[in-house]
1. Kindly flag which residue pairs out of LYS90/LYS184; LYS85/LYS163; LYS128/LYS184; LYS80/LYS128; LYS80/LYS125 have an alpha-carbon separation exceeding 27 Å in this structure.
2. Could you order the peptides 9-19, 159-169 from most to least packed, using the average number of other C-beta atoms within 10 Å per residue?
Amino acid sequence: IHEINNYVILWFRNSLELLVRISLKRRYGRFFDGVGNDNNDQNNNDHDNKNESYENLEIQTVFTAALNECLQRIVDVHPKFRENKEISPKIKIIYLSTFVLLNYILAFVGYDNSFVLGMSVTIFKEFKIYELLLYDDNYKQQEVTTIEDGDEDDTESHLIVFKRLYVLLVIFDSLQSCSYGGPKLLNVPIQGATEMFFKSLPENNKWAVDE
């Protein structure tokens, strides 16, 4: 269990580090349009543009390789969740958050990679997250044992985070479909989900996102 926990946390951290690095690159302009150049000498424009193109190509190559590695590594550990039912819900949240983070990175840089979204949808379906949004509370308490095996007092706190993650994935699915013309992969209705799942409640202050 400790090995799985450390593995999940490691690749969540690596994905977060990738986002930070890309964010720093974006300070100089659009990520895939090349990094800015402080040289104002107009006579060297052609030379500068060529260097910028090479640099941009290198950045794209490194970014794609890093993103693919994060995705592959985090997908590789998925069978362990089937074999170990006692994995903490917090680790499951971190695990699923990694997929949301990778999709955010793609949206942030404007890069079309439907494979990342497709794998994310597959993993979320394996965890049956959609059931939390589709069925009533009684059904949720009976059927989410594959997601939530912690103490009863923490069940609702964990479930609200799972719901939030699924809503975010639906948003990225819609964004991908609108941006690149592909079909939507998720059709679970999320009308009113922001008010329901992202509003701070007195009993769930530790999960608040609007403070």
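None of the figures in this text is laboratory data; all of them are computed from the coordinates on show. Since the model is a prediction, treat every value here as computed from it, not as a measurement. Ideal geometry is used to build each Cβ from the backbone, glycine not excepted, and the neighbour counts take in all protein chains shown.
1. On the way: LYS90/LYS184 29 Å; LYS85/LYS163 20 Å; LYS128/LYS184 18 Å; LYS80/LYS128 16 Å; LYS80/LYS125 16 Å.
Check vs 27 Å cut-off fails for LYS90/LYS184.
2. Details: 9-19: 16.5, 159-169: 20.9.
Averaged packing, sorted descending, gives the order 159-169, 9-19.
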